[in-house]
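J.: The structure that follows is given in the form of C-alpha cells.
The values are calculated or read from the model by the stated rules, or taken from the named source; none is laboratory data. None of the values given here were measured: they were computed from a predicted structure. Note that each Cβ is placed from the backbone with ideal geometry, even for glycine, and that neighbours are counted across all protein chains shown.
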Amino acid sequence: MPLDAICLSGVTRELKEKLTGAKIDRIQQPERDMVLFTLRSSGETLRLLCAVGTGNARVHLTQASFENPAEPPMFCMLLRKHLLGARITGVTQPEGERMLVFSLDTRDELGIEAQKKLVAELIGRSANLILVDAEGRIIDCLRRMDFGGSLERRMLPGMLYRLPPGQGKPFPVSLSADQIEDMVSRADPSKPIEKWLLDSFSGLSPLVCRELAFRCGGDYTLLAPLLNAFTESVRAGELAPWMVCKEEKPLDYSFMALRQYGEAAICVRQTSFSEMLDRFYSGRDWLEQQRRRAQTLNKSVRLLRDRQARKLALQQEELKRTEDRESLRKTAELITANLYRIRKGDTTLSCEDYYAEGCPEIEIPLDPLKSPQQNAAKLFREYARQKAAREHLTRLIADGEAHLDYLNSVLALIASAESEKDLADLRRELIAGGILKEKGSRKPDRSKPQAPLRFMTDDGLEVLVGRSNLQNDELTTRQARRTDLWLHTQKIHGSHVLLRCEGQEAPPGSIEQAAVIAAHFSQGRGAGKIPVDYTMVKNVRKPAGSLPGKVIYTEYRTLLVQSDEELVKRLRCK
C-alpha cells in the first residue's frame, strides 16, 4: 500500500493540528488489530483509528462505524486503564519512518501526573501498537514478540523500547541537491529507474517510484533535477491528498497528483488525508471483516447446498428412468394375452403388438427359468414400482427444489449481513429449522433477534428491510399494513423490503429509492440494473407449510434499478 513515510508526514501534520490538546474519552478495540479512540477537542468529538493489520496499517480520523465485541480484549482494557482521560500533547513522526508517536499527559494509579507515549509502527508484517512509559519501557503492546529479529527489539512488557533498525538507505528528503546528483550519476543506466529508486532510497513506496520514473520518461539525465524539485516540494510541506479512482471505485492514493495511469483512471483531490484513507480502506476492510466473520457459517451452508443439489440431481435422474414405465405394462399385457403360445423354457415370444398401429409382429424377451405367468407378473410389479416411485420422486424433488432455493436465499442473506449479530440471527434461524445442529460447546445464545434495518426516503417515508428469512416473514405477514408497498428483486434472492405508505399513495421517488435498497440487499448487488417487483402487501401471501421467506405475490409492477451504496448509506437511519 502507498502509505509511505512521505504520505504519512502529511497525515502527521494534519493529526498534529487536529489532536494536540485533545482528551481521550473512550477506547474500543472492534477488531484484533484495530483500536479506536474517541477524543474531545474544543467541544468537538473526533474518532482516531489505529489499524496495524498486514496490508491495512494506517492511522487517521474516521467517520466509519464499527461493531464492538461482547467483551473487550485485554489490550483494550489495559489502554483504558492507562489512557482514559489522558491528553494528547504532541504527534510526531521519526524522519523517514512509517511510524507515529503520540505524546500523552496522564495520571498513574496514585493520581500523580505521568507522561506516556503511544507508538504506532506501520511497517508491513511487523506493524504494532506499543504503549511506552516515561522511562522508555514498554508497558504493553498489541503484538508481543519474544522471538526472531534483533535481541534489542523484543516487544515484551518491561523491556526498553527502541526504534526499528534502519534500512541502510538514505531518506531522499534529508539529502542535498549535490548528494542526489552524485547518486544519480553513479546509477546503472541499464536498470529501470523505478527499481533503482526503490533500491537506493528509503521512505518511497513503489507507487511513488513508478510516478517519478514516468515523469522523467525513463531518462536518467532528467532524474536528478526531478528528484531535487520533488524533495524541495516535500520539505516545503506541499503535500495534498489525491485519490485515484477507476469506475468510481478507489484504486490508489498518494500525497501528489499521479499521472502514470493516463486515461485509464482519474485523480481526484480529497479534502483531507484522513478522509482519503477512510474512504480507501473502509469498504475494503468491511468486506474483509464480513468474509472472516461469515466464513464458518457460509462454509456450512454451502456444504448443505451442494449436498442438496447433488441429491436433487440423482432424484431427477431416477425420475427420468421412470418415463418408460408404460412400455412395461404393455409388454406384461401382451404376454398375458399370449399365454397359450408360450411354453416353459422359451426365451422369446413372437406376437402381434395390438397397441401399435397395424399390429406389427414383435419379439418379447422371456426368462426361461420362469413360467409365462411369472414373466408377466414380474413386469407388472416393475411397472407398479416405477409408477409409485414417480409419484414419490415428484414430491421429493418439489421439496428438494424448495429446500435448495431456501439455502440459496440464506447464502444471499449471509453475503449482505453487516455484523456478527446479523449472522447470529441467521444461525439461530437455521438451528430452529433443524438445518444446522447447535454445538454442545457453544454457549447458549440468549440475545434477542435484531429489529429490521430502517431507512427514510427523501419524502419522509419509512423503509424496513429484513435481515433474515424469519424476519422477512415477520415483516411481510405481521408488521406490514395491507396498504404498504412490498418490494423484492425479481427471480433473485434478497431481503423483503417494506415501504410504509401511511395509508396514502407513495411518491414515485420513494418507490424508486425503496427499489434501490431492495437491489442493494440482494444477490444482484453490483450487477448493473436489475428488475425489482413491487405490489401492495394485500397482494402478498405465504403458502401453507412453505419454508421461511417464501411468499407468492400478484398484481405487481416492475422497476429497473441499480444498487447505489452511497444512496443506501445516506438514507439509512442511525
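J.: When Thr331 is evaluated against the numbered criteria (1) modelled with pLDDT under 85; (2) polar (S, T, N, Q); (3) crowded, with 18+ Cβ neighbours inside 10 Å, which criterion, by number, is the only one it fails?
T.: Among (1) modelled with pLDDT under 85; (2) polar (S, T, N, Q); (3) crowded, with 18+ Cβ neighbours inside 10 Å, Thr331 violates only (1).
J.: Another question, if that's okay. Among the residues of the range 67-96, count how many are free of Cβ contacts under 8 Å to residues at least 60 places away in the same chain and surrounded by 18 or more Cβ atoms within 10 Å (Cβ to Cβ).
T.: Counting residues in the range 67-96 that are free of Cβ contacts under 8 Å to residues at least 60 places away in the same chain and surrounded by 18 or more Cβ atoms within 10 Å (Cβ to Cβ) gives 4.
J.: Then there's this: Thr483: hydroxyl-bearing (Ser, Thr, Tyr), farther than 30 Å from Ile431 by Cα and modelled with pLDDT of 90 or more, yes or no?
T.: When the stated conditions are applied, Thr483 does not pass them.
J.: Exactly one condition in (1) surrounded by 18 or more Cβ atoms within 10 Å (Cβ to Cβ); (2) at pLDDT below 90; (3) in a helix (DSSP H, G or I) is not met by Ala213; state its number.
T.: All conditions pass for Ala213, except number (2).
J.: List the strands (runs of 3 or more DSSP E) inside the range 26-82, counting only whole elements, that have at least 1 residues being assigned by TED's automatic domain parsing to the domain that holds Leu142 and in contact with a Cys (Cβ under 9 Å, 6 or more places away or on another chain). Please lay out each step first, then the result.
T.: On the way: elements: 34-41, 44-51, 58-61.
In the range 26-82, the matching strands (runs of 3 or more DSSP E) lie at 34-41, 58-61.
J.: A further question on this structure: What are the residues in the range 79-106 that are of a type in the set (D, E, K, R) and either within 33 Å of the chain's Cα centre (by Cα) or under 14 Å from Val132 (Cα atoms) (or both), if any?
T.: Residues satisfying the conditions are Arg80, Lys81, Glu97, Arg98, Asp105.
J.: Taking Pro73 as meeting all but one of (1) within 17 Å of Lys23 (Cα to Cα); (2) touching a strand residue (DSSP E or B) at 6+ places or on another chain (Cβ under 6 Å), write down the number of the exception.
T.: Looking at each condition in turn, Pro73 falls short on (1).
J.: Identify all residues within the range 537-574 that are under 17 Å from Ala480 (Cα atoms) and of a type in the set (Ser, Thr, Tyr); write none if there are none.
T.: Tyr553, Thr554, Tyr556
J.: Identify the residue in the range 265-301 that is of a type in the set (Gly, Ala, Ser) and modelled with pLDDT of 90 or more and, among all such residues, is farthest from Leu423 (Cα to Cα).
T.: Ser272
J.: Here's a follow-up. Given the conditions (1) over 60 Å from the mean Cα position of the chain (by Cα); (2) within 30 Å of Glu401 (Cα to Cα); (3) of a type in the set (A, V, I, L, M), which single one is not true for Ala376?
T.: (2)
J.: I'd like to verify a number: residues in the range 546-574 that are of a type in the set (S, T, N, Q) and surrounded by 15 or more Cβ atoms within 10 Å (Cβ to Cβ), how many? So that I can check it myself, show each step before the final result.
T.: Taking the range 546-574 as the starting set, the residues that turn out to be of a type in the set (S, T, N, Q) are 546, 554, 558, 562-563.
Subsequent filtering for residues that are surrounded by 15 or more Cβ atoms within 10 Å (Cβ to Cβ) retains 562-563.
Total meeting the criteria: 2.
J.: Give the residues of the range 161-200 that are in the same structural domain as Glu211 (by TED's automatic domain parsing) and aromatic (Phe, Trp, Tyr), sorted by residue number.
T.: Trp196, the sole residue that qualifies.
J.: If I go through the range 3-22 residue by residue, how many of them are outside any helix (DSSP H, G or I) and aliphatic (A, V, I, L, M)?
T.: Looking only at that region, the number is 2.
J.: Would you mind stating whether Pro449 is more than 24 Å from Val410 (Cβ to Cβ) and not hydrophobic (A, V, I, L, M, F, W, C)?
T.: No, not satisfied.
J.: A further question follows. Residues in the range 256-280 that are surrounded by 15 or more Cβ atoms within 10 Å (Cβ to Cβ), out of contact with any His (no Cβ under 9 Å at 6 or more places or on another chain), among the hydrophobic types (A, V, I, L, M, F, W, C) and part of a helix (DSSP H, G or I): how many?
T.: 1
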